[in-house]
Amino acid sequence: MASEEQIRVAVFQWLDEQTRVDDVLSWHVLQQGFRFGGRIISLVGQQGIWKPKVFQSVPISIRTSHSSPYNDGFTADGLLYYRYRGTDPSHHENAGLREAMHRRVPLVYFHGLMPGKYLAAWPVYIVGEDPAQQAFIVALDDKRYIYPDQATGAEGEYRRRYITTTFRTRLHQRSFRLRVLAAYQSQCAFCRLRRAELLDAAHIIPDSDPLGEPTVNNGLALCKIHHAAFDRHFIGVTPDYRIVIRKELLEEEDGPMLRHGIQAMHGQRLVLPRKRTELPDRDLLALRYELFQRAM
């Protein structure tokens with residue numbers, strides 16, 4: 001019979017395979033799991049701290065729902081807070097995480113981006129506990145370090161802090177993309193292309209700007225060529241949702257892509273989300289359109 005360590009390694013290998021195309025996984029895929037050594041290994045369950053039946057005490061994964069009541073978040077130094085199960089520190093699930101901390105056992109972390117969609121990160125380690133906040137402190141590490149002695153020492157600490165901070169950025173980016181594409185029903189707001197693999201979530205106001213928050217109202221679902229044209233101010237959008245093509249492009253003569261893919265859109269109306277709460281913010285569009293006009 002396979003040991004828990006062998007099963008954990010198999011879980012990490014399976015996740016590697018599942019995330020080669022897309023690092024966002026569905027609840028169904030994670031709950032269904034995979035077969036290993038004649039057993040089904042599921043990666044999530046109804047509890048946020050999940051221990052498959054084949055494991056004795058230490059969980060395989062921790063999970064934060066997109067609407068979690070536990071208010072998980074990040075510490076001031078960039079690591080992750082993961083709240084206790086309930087309020088009893090001795091609850092068997094909390095005890096399992098404490099054991100993972102003492103034994104330096106790697107886990108998987110699933111963060112809910114929207115209903116049924118999770119971003120996976122591994123290996124993660126329980127590196128501390130904050131009883132006052134009723135939380136464990138979690139750090140993500142490099143996938144090359146699954147069972148090393150790197151859990152101690154300044155070099156390992158700095159590496160984990162950097163990787164965890166990078167994960168936080170990726171978390172925001174993936175969440176923004178999923179929510180924007182869902183609002184636009186996975187089609188380009190300019191040309192109606194319906195291939196999610198070819199679509200981006202474009203910011204109206206760049207995320208480097210204080211107003212560039214990662215909200216659906218500051219986003220447009222755009223195919224990659226129209227995203228590039230929008231970012232470089234070849235295409236603008238008015239506050240009343242009209243597409244405007246830069247004059248020099250309208251006057252240029254080229255092949256069918258320019259004629260049909262860009263010039264023909266001049267004056268057309270954006271494809272818009274169905275929900276009024278998800279419509280592009282007109283004030284943000286006005287600011288962006290000013291930049292477009294200056295570029296002309």
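Among the residues of segment 83-117, which ones are without any contact (Cβ under 8 Å) to a residue 40 or more places away in the chain and acidic (Asp, Glu)?
88 - this is the single residue of segment 83-117 that is without any contact (Cβ under 8 Å) to a residue 40 or more places away in the chain and acidic (Asp, Glu).
Being of a type in the set (D, E, K, R) and part of a helix (DSSP H, G or I) is the filter; apply it to segment 279-295 and report the residue that is surrounded by the most Cβ atoms within 10 Å (Cβ to Cβ).
288
A quick yes/no check of all residues on (1) among the acidic types (Asp, Glu); (2) in a helix (DSSP H, G or I); (3) in the same structural domain as residue 66 (by TED's automatic domain parsing); (4) buried (at least 22 other Cβ atoms within 10 Å of the Cβ):
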site	(1), (2), (3), (4)
193	no, no, no, no
201	no, no, no, yes
212	no, no, no, no
217	no, yes, no, no
221	no, no, no, yes
225	no, yes, no, no
229	no, yes, no, no
236	no, no, no, no
249	no, yes, no, no
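Looking at segment 243-272, I want the residues that are more than 18 Å from residue 228 (Cα to Cα) and have a partner that is in a strand (DSSP E or B) and β-branched (Val, Ile, Thr) with Cβ atoms under 6 Å, at least 6 apart or on another chain. Which pairs are those?
Partner pairs satisfying both residue conditions: 268/243.
Would you mind stating whether residue 133 is without any contact (Cβ under 8 Å) to a residue 60 or more places away in the chain and either farther than 13 Å from residue 74 by Cβ or out of contact with any Ser or Thr (no Cβ under 8 Å at 6 or more places or on another chain) (or both)?
So residue 133 passes the test.
Of these, 109, 82, 70, which one is farther than 18 Å from residue 178 by Cβ and modelled with pLDDT of 90 or more?
82
Would you mind telling me which numbered condition in (1) touching a Leu at 6+ places or on another chain (Cβ under 9 Å); (2) modelled with pLDDT of 95 or more residue 258 fails?
Just one mismatch for residue 258, condition (2).
Conditions: (1) among the aliphatic types (A, V, I, L, M); (2) closer than 30 Å to residue 242 by Cβ; (3) part of a strand (DSSP E or B); (4) touching a residue at least 40 places away in the same chain (Cβ under 8 Å). Residue 120 meets all but one. Number of the miss?
Of the numbered conditions (1) among the aliphatic types (A, V, I, L, M); (2) closer than 30 Å to residue 242 by Cβ; (3) part of a strand (DSSP E or B); (4) touching a residue at least 40 places away in the same chain (Cβ under 8 Å), the odd one out for residue 120 is (2).
The values are calculated or read from the model by the stated rules, or taken from the named source; none is laboratory data. In this text, all values refer to a predicted model and were calculated from it rather than measured experimentally. Heads up, the Cβs are rebuilt from the backbone with ideal geometry, glycines too, and the neighbour counts pull from every protein chain shown.
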